Structures are given as C-alpha cells and as structure tokens.
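See structure below.
The values are calculated or read from the model by the stated rules, or taken from the named source; none is laboratory data. Source: prediction; values computed, not measured. We place every Cβ from the backbone using ideal geometry, glycine too, and count neighbours over all the protein chains shown. For the accessible areas, the whole protein counts, side chains as well, though only heavy atoms, and no ligand, DNA or RNA atoms are used. Shrake-Rupley method; radii C 1.70, N 1.55, O 1.52, S 1.80 Å.
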Amino acid sequence: MPAPNAIIDYINKNSGKFVQRLAKAVSIPSVSGDAAYREAVFDMAKFLRDELEAVGVTVRFADLGKQVLDGKELNLPPAILGSIGNDKNKKTVLLYGHYDVQPALKSDGWYTEPFTLTVDNESGRLVGRGSTDDKGPVLGWINILQAHHDLKLELPVNIKFCLEGMEESGSEGLDELVVAERGSNKFFDGIDCACIVWRRASFRSTPYLTIPQSDNYWLNTRTPCITYGLRGIVYFKVNVRGAGQDLHSGVFGGLVHEPMTDLVILLSKLVTPLGKILIPGVNDLVAPLTKDERERYETLDYSISDVEGVLGGKLTVSSDKETVLMNRMRYPSLSIHGIEGAFSAPGAKTVIPANVSGKFSIRLVPDQTPDAIEVCVKEYLMQEFAKLESKNTLEIELIHGGKPWVASPDHWNYRAAIKATEIVYGQTPDLTREGGSIPVVLTFAEALGVNICLLPMGRADDGAHSTNEKLDLSNYIEGTKLLGTYLYELATAQ
Ligand SMILES: [Zn+2]
C-alpha cells in the first residue's frame with residue numbers, strides 16, 4: 001500500500017521546517033565520548049523527548065546507570081523508549097537510532113562551525129556534526145510522525161523507538177537494557193520486525209539518488225541499496241617474549257632466539273598475498289555459496305573501477321567484480337595491522353627487540369563464530385611456533401570479538417523496504433552486505449530474534465565520522481519519504 005499523497009505533499013511543503021529541526025538538533029553538541037559534553041547529551045535526549053511527545057509518542061527514559069570516563073564518574077545518557085499505536089491488528093516495528101555524535105572541533109579542518117548546521121544552497125548540502133550520523137535519519141522518523149499528526153492520519157503500523165545516546169562510545173548499557181526489556185509485558189514485547197536507518201559504507205562515493213539540481217536537471221542516477229548482512233570480527237595480539245631487555249645485535253646477534261624473527265615467521269603463516277587464510281578450519285566454517293546468492297552478486301551495480309577509484313590505483317586481488325564483492329561481503333578476510341615493540345623510527349638502530357606483539361584481525365562471516373575461530377587460531381599458532389624450536393615464549397590474546405550477522409532478504413520486512421525504495425527512487429535497490437561490523441544490529445538480532453533491515457538515508461561520501469560531515473538535502477527529504485513509504489508497505493507486506 002503506497003503512502004497517501006497527502007503525506008508526500010506534506011513532506012514537500014514542510015522541507016524548510018524539517019531543515020530547521022535538524023539545525024536545532026545539530027546545535028546540541030551531544031558528544032558521548034567526552035565528559036565535558038555529557039550535559040549536552042542529556043539535552044539532546046530531552047530535545048528528542050519533546051519532539052516525540054509533540055507528535056503523539058509516549059516516551060520513557062530508561063536509566064542505563066553510570067560509567068567512568070576521563071577519571072570521572074558520569075551518568076550514562078538514557079535510552080529513549082517511545083511507542084505510538086497499540087492496535088493488535090497492525091504490525092509493530094522497532095526503530096533504532098542514536099542521538100550522540102562523534103567529537104568535532106573547527107580546528108580539525110571543518111570549513112564551518114561543526115555544531116551549526118550550514119545549508120549550502122549551491123551544492124544542496126546540510127553540513128554539520130550529526131547531520132547524517134545519526135540525527136538526520138532519527139528526525140526523518142519524527143518528520144513522518146509530524147505529517148500524520150498534523151494531517152490527523154492514522155499510522156499504518158505500531159511503532160516503538162529505541163534511541164540511544166552512547167552509540168559512538170560502544171553502546172554502553174544497551175545490551176543489558178534490551179535483555180531486561182524483552183519478554184511478555186516488557187517494552188520490546190510484541191515487535192514483528194526492526195529497521196535501522198544507517199549511514200552507508202560503500203566503495204562507491206557516487207550518490208545513489210537522482211538529485212534535482214536546478215529545474216529538471218537530474219544527475220548521478222545510480223542504484224540505491226539495502227543492507228542485509230555485516231561481517232563480524234576477531235582481533236588478536238600475538239606476543240613473543242625473549243630476553244629481559246632489548247639487546248644489541250653486535251653483542252648478542254647470532255647467540256639468542258630473536259622474538260622479532262619468530263613473530264615475523266608466525267605472521268607470514270597466516271595469509272597468502274592473495275588473501276587466502278591459511279589457518280586450518282577457518283574457511284571450513286564459511287556457509288556455502290548458494291546459486292541465488294551468487295546471482296545477487298552478479299546483478300549488483302558495482303564495478304572494479306568504483307573500488308579502484310577509492311584505492312587510487314589498480315590494486316584489487318582480482319579483476320572479477322563478483323570475486324571482489326564476495327571477498328568483502330561474504331568471505332572472511334585476515335589483515336595484519338602492526339607490531340608493537342618493534343623498532344619503527346627512522347634510522348638504523350641495531351636493536352634486538354626483547355618483546356614484540358603482532359596484531360591481526362579476521363573479519364568473520366556466517367557460520368563462523370569468534371569462539372570457534374579463536375580455537376583454530378590459537379591451536380595453529382602454537383603448532384607453528386613449536387616448529388620454530390624457539391626458546392622464546394608465545395602468548396596469544398583475543399582482544400575483542402563480534403559475531404557476523406545476516407538477515408533473510410526474502411522476509412516481508414525487506415520486501416517492504418525494496419518496494420518503498422522503488423516507489424521513492426524509481427529503482428530496484430541493490431541488496432548488499434557490508435564488510436564491517438555494527439554491534440547494535442547483533443544486539444537486537446540476538447535478543448529479539450526479529451528480522452532487521454538496514455535502510456540508508458545518506459550517501460557513502462557523507463563523511464560520517466570525519467570533518468565536514470554532511471547530509472544532502474535531497475537525501476534528507478527523499479529519505480523522509482522513503483521512511484514513510486516503508487511504513488505503509490510494511491503494513492501490507494507478507
Ligand atoms: Zn557514527
């Protein structure tokens with residue numbers, strides 16, 4: 001069921017108001033990772049509560065306890081739990097977003113004040129911290145509710161909001177809240193599906209929208225996307241320890257087991273130059289590629305030149321589009337990140353480092369789990385180390401791990417999102433999986449067991465955590481229409 005025309009008209013007519021709403025939100029510097037801004041994070045929560053209540057949402061602040069930051073004990077900003085509609089005959093959708101932002105200082109290289117939304121009429125860009133990550137998307141939902149409220153229209157589905165203020169700082173307290181609030185008569189009870197509006201991460205910096213520049217001039221028509229999978233991660237630190245202190249190679253070279261030599265040999269056993277992981281068991285846990293899935297990669301609107309553009313050269317391990325995409329989206333990868341304790345300064349110091357730690361991570365895909373991969377990695381490195389017959393000591397530490405996530409794109413939640421995208425953008429979206437991790441998706445997927453859809457509002461070049469973060473006005477307004485249309489499609493999707 002398409003959204004009523006009145007809603008779309010309302011959005012077109014009120015775009016100025018929506019921009020003002022975003023300007024107000026951006027002006028509150030809700031930086032969660034800096035104790036000095038904690039008050040502002042709370043102010044942002046109050047701002048959103050007022051906005052939500054004004055359009056008919058029942059709001060509750062869920063207290064998440066305290067944290068210690070920069071040596072100070074601080075109250076965690078609340079999770080905003082909101083609900084509107086309680087019709088047993090309608091579906092209930094959970095909408096997640098976050099209201100905290102990354103730090104930003106003008107001196108970091110911003111051309112404008114980061115906490116003042118600057119509207120660049122020429123480029124159509126709304127520049128400011130939080131514009132795309134994640135204030136614009138959160139306000140997109142409120143814009144839709146305002147349209148229903150002002151037009152006195154009933155919502156097609158029941159909505160529950162979970163908006164957190166600690167996403168940029170590890171979502172502290174959220175896992176516990178979701179677990180505590182699930183089950184009968186709790187907040188997360190009765191949810192049929194979830195939607196997370198997420199900034200895009202992509203090879204492509206090209207906008208996916210058709211942007212009306214001036215008059216009827218349309219540019220940059222490329223395919224929109226919907227994300228149904230994310231890779232997980234395991235991050236390891238491999239420590240090789242030798243003598244009690246660094247040694248001089250002129251004095252000790254040739255008569256001791258050198259930790260750096262051992263470590264470099266071990267690291268060389270992990271992966272081939274073409275990216276094939278050499279740790280036994282790791283690849284066996286990868287879910288087999290199905291025919292349907294393979295075909296999905298063939299139809300994706302990407303090209304090797306998109307990737308090369310970002311890389312600045314012909315550096316991909318394959319010139320085959322499907323191989324490159326699948327290597328990022330559906331296969332694991334192993335990256336060696338660095339060596340702690342190694343001599344890395346300029347010059348030619350003749351040191352034998354006494355204690356070195358190699359750091360590497362593996363991006364995981366279904367059906368790999370951090371626990372299973374940890375066993376494979378540790379066993380293999382121990383065996384390889386034993387082969388060296390070294391008298392140094394080896395320690396392997398898993399620094400952090402997160403599971404991969406994949407949703408069924410054949411679910412009605414996705415059908416609704418695809419249909420909404422086709423209606424608003426006139427194109428069938430690419431169904432993609434991303435190479436990185438978004439821990440909150442897993443929180444909801446595991447605790448609630450519902451289908452989750454990741455819908456993008458912004459573009460890949462928005463600079464979410466960077467300087468001069470922006471959201472294009474067209475993405476904000478068309479994105480608002482997309483969210484509204486999605487709710488209507490959701491109501492009838494099956
Ligand atoms: Zn972010």
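What's the extension gain from Asn5 to Glu39 if we count 0.36 nm per residue and subtract their Cα-Cα distance?
Details: separation 34, 0.36 × 34 = 12.24 nm, distance 4.09 nm.
My answer for the length gained is 8.2 nm.
When the gyration tensor of segment 364-494 is built from Cα positions, what are the square roots of 5 times its three eigenvalues, in whole Å, from largest to smallest?
Here the semi-axes work out to 42, 19, 11 Å.
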- request: Give me the Debye-computed log₁₀ of I(q)/I(0) at q = 0.13 Å⁻¹ for segment 68-204, equal point scatterers on Cα only, no solvent, two decimals.
  value: -0.73
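So if we plug the beta-carbon distance of Asn121 and Thr290 into 1/(1 + (r/R0)^6) with R0 = 51 Å, what FRET efficiency do we get, rounded to 0.05?
0.60
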Cα centroid of segment 77-101 to Cα centroid of segment 251-330, whole Å: 39
query: Looking at this model, which pairs from Lys13/Lys90; Lys321/Lys481; Lys269/Lys359; Lys66/Lys106; Lys106/Lys470; Lys269/Lys387 are more than 21 angstrom apart at the alpha-carbon?
result: Lys13/Lys90; Lys321/Lys481; Lys66/Lys106
message: Ranking request for peptides 164-172, 265-273, 369-377: highest mean number of other beta-carbon atoms within 10 Å first, then the rest in descending order.
response: 164-172, 369-377, 265-273
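List the equivalent ellipsoid semi-axes of segment 400-447 in whole Å, largest first, each obtained as the square root of 5λ for an eigenvalue λ of the Cα gyration tensor.
26, 12, 8
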- line: Tilt, helix 473-492 to longest principal axis of the chain (alpha-carbon atoms), in degrees rounded to tens, equals 80
- request: Give, in nm to one decimal, the length gained when the segment between Lys72 and Lys387 is fully stretched (0.36 nm per residue of separation minus the Cα-Cα distance).
  value: 108.5 nm
Heavy atoms of Leu105: accessible area, 1.4 Å probe, square angstrom to 10: 90
field: Relative packing of 65-78, 30-43, which averages over residues the other C-beta atoms within 10 Å, highest first
entry: 30-43, 65-78
- prompt: Which FRET efficiency value, to the nearest 0.05, is calculated for Leu311 and Arg241 with the Förster distance at 45 angstrom and r the Cβ-Cβ distance?
  reply: 0.75
FRET efficiency, 1/(1 + (r/R0)^6) with R0 45 Å, evaluated for Leu398 and Thr299 via beta carbons: 0.75
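Report the Rg/Rh value for segment 217-341, based on alpha-carbon coordinates and the Kirkwood definition of Rh. Write down the numbers at each step before the final one.
Values: Rg = 21.1 Å, Rh = 18.7 Å.
Using only Cα positions, Rg/Rh for segment 217-341 is 1.13.
From Cα pairs below 8 angstrom and at least 6 apart in sequence, can you work out the relative contact order of the chain, rounded to a whole percent? Can you show the working numbers first?
Working: 979 pairs, mean separation 116.9, N = 494.
Contact order relative to length: 24 percent.
Over all directions, how big on average is the projection of the convex hull of the alpha-carbon atoms in segment 333-414, in square nanometres?
Details: hull surface 33.9 nm².
For segment 333-414, averaging the hull's shadow over all directions gives 8.5 nm².
Sorted by packing (mean other beta-carbon atoms within 10 Å per residue), highest first, where do 433-446, 334-347, 125-138 land?
Numbers: 433-446: 18.5, 334-347: 12.4, 125-138: 27.5.
Highest-to-lowest ranking by the protection proxy: 125-138, 433-446, 334-347.
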Tyr476 - accessible surface, heavy atoms, 1.4 Å probe, Å² rounded to 10: 0
